[in-house]
Amino acid sequence: MSASGARAEIADVLSLREPPEGTAWLLIAVALVLVGLVSLALALAVRMFPGRAEELQGSEAYSLALIAVGLSVGCTVWRRRQRDALASAVKAQSLNLLHAVMSQTNRLILRRPNPIELLEGVCEVCVKAGNMDLAVVDMFDVREVHRASSRVVATSPQLLLDGARLQTLMTTLVAHKGLCVVVDDAAKDERLRESNSWCLAHGLSSLAAVPLRRGGALVGILFLCSRTRSFFGGKVTPLLSELGADISFALDNADRERERQSAVLADRARLAAEDANRAKTEFLGQMSHELRTPLNAMLGFAQLLATDKEQVLSATQAERVRLITHAGWHLLGLVNDVMDISRIESRRFEVTNVCSDISGVLDEALALTQSLARANKVELSEQAPSRFGIGAVVDPRRLLQVLINLLSNACKYNRPGGQVRVDVTHAGAEVFLDVVDDGVGMTAEQLSHLFEPFNRLGNEGHAIEGSGIGLSLARSLVELMKGRLDIESSPASGTRARLVLPSCAIPLKRALDDPGAQAKVERDAKVILYIEDDPVNRILVEQMLLRCEGVRLLQAETGEDGIAMARQNTPDLVLLDMHLPDMSGFQVLDALRSDARTKALPVVAVSANAMEVDVARAFDLGVVAYWTKPLALDAFLAGVASLLGVSAPASKAHADCQL
């Protein structure tokens, strides 16, 4: 080999900046050293052969160069292998540390802590078990931040502020990529240009941002920092993704557990509310029964006194009896209203909405309110031409109740000489019933509290009767009929109560009563069997039936006696109290319907129990009517006459009670 060729080969070798890794380069380095030694040996031999000095000129330098290059390559390769060995050791350590983090995190998850304890525990585990310098969990869906740091990481306010900027950058990268983001050299990474100097100043080399999800949606990140370069790279990155998936799974489980517990608590609260409503309903039902029983005697005998033609009361006595009767009916109305509101609140109140001609209901409401209008010196009128043939989908009985309340309020809260007008209009799919008065009206403050139960809007000290419950009940009833109740009022112009109801199509012509349809009065005596254990109630019904000619009354004090008398006498009508000492009225009904001799007997339940469930059960067992106590004399006699087919006697007794 010539000297020039050797120099060119050496130049090619020296031009390599970083020789590649591998055993081959070590062999090359050894070969170069050996060649250099051989060349050096030849150069030394020249001195022994002077004649070849020119031929071997420069071989000493060539040999030394070969030896130097060989040693340089060998050292470089050795350093590279040492560095690679160190990097492999770091990666192995990172893998071991992260496996430890995942193991402790899973044990933490199995203890089912709440999310806050879980995230705080994950931060502590990453720093202590994972040998990381900083761990932060940022849950931006609930604005929670949890952090843990080693002693080498400061926690000054400025560091926290700068760290927050870096954390925001990493969050942005995660949100954009949707996966785990790893930075091997934070001081040089172009993605973190705004924070490169900060990372360099604090010696943080490796960063990782792990996405945390709830229900598949990104809700936070686990932000990790380490002073060791490439701590989160290589095989560690997939483990970070697994760690994030485990934490996300635990968060979903915690949410499901919280929902389950909330459902359990809600179910318990619902059951408790149902128990409370049931207890309240039972209490009110019992109180209603206990109030109706003495009211029945009080109102019944008061009506008998007021209508007795043989022993006519003096004017003073008649006025006293009238006051007693009036107060009794007022108390009964209050009991009924409280029961209705209780049933509405417990969602046990039912209405039967049917397509009806509201003119008939309006006629009845106006007739029942005329006496109140006269007493308050108020003129009550209706816009008759506009109401014929207008139909609405309502419960007629409940609509009558609402109209009576609105008309009564318009008459009571009016002035002497005032007017109350009823307008009925039909517009599209709605019917409008307007009760308009020019009375005292209400202020805006009073209107804001108008539908509060038992709130009389400052009229507690006035002589006007009322409990403050009527309008609240009326609005609830209207809403059950799929309508609405709107009130407009001012002290200067009075009040307009607008009842809006769904309309329906009906025949335009109203049915006329057939005067020849009334049944002829039978002269033969009709037998009525009254099964009642209360002696006062038995006397009351006996006195009432004295007003009805052609009726013979049989009475039984127990259910067993009543069943026997029904089988023996086959009465034309059975009046049955539902609370008897030996058995319930339902058991009596069942016994009567099970016997061929009494199966077809018309039975009327007469009870102070007004609970709808009991009323429905009685009708299921075959009663033809259910009359609640107290009994209104006119209504009672009319009902008996209708069932027996005889004419009812004329009476001036109060008839403002429904059977």
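Using heavy atoms of the protein chains and a probe of 1.4 Å, the accessible area assigned to V613 is about 100 Å².
Derived scalar couplings between HN and Hα for segment 617-633 equal 5, 5, 5, 5, 8, x, 5, 8, 7, 10, 9, 9, 7, x, 8, 7, 4 Hz in order, rounded to whole Hz, by the Karplus curve 6.51 cos²θ - 1.76 cosθ + 1.60 (θ = phi - 60°), x for Gly and Pro.
For segment 179-185, putting each phi into the Karplus relation 6.51 cos²θ - 1.76 cosθ + 1.60 with θ = phi - 60° gives couplings of 10, 5, 10, 10, 10, 7, 9 Hz, in residue order, rounded to whole numbers and with x for Gly and Pro. Rolled with a 1.4 Å probe across the full set of protein chains, the surface gives E144 an accessible area near 50 Å². Rounded to the nearest 0.05, the FRET efficiency derived from the C-beta distance between T558 and A505 at R0 = 35 Å is 0.10.
The values are calculated or read from the model by the stated rules, or taken from the named source; none is laboratory data. The model shown is predicted, which means the values in this text are computed figures rather than measured ones. Because the Cβ atoms are built from the backbone with ideal geometry, glycine has one as well, and the counts that use them run over all protein chains shown. Areas reflect the complete protein model, heavy atoms only, side chains present, ligands, DNA and RNA absent. Shrake-Rupley method; radii C 1.70, N 1.55, O 1.52, S 1.80 Å.
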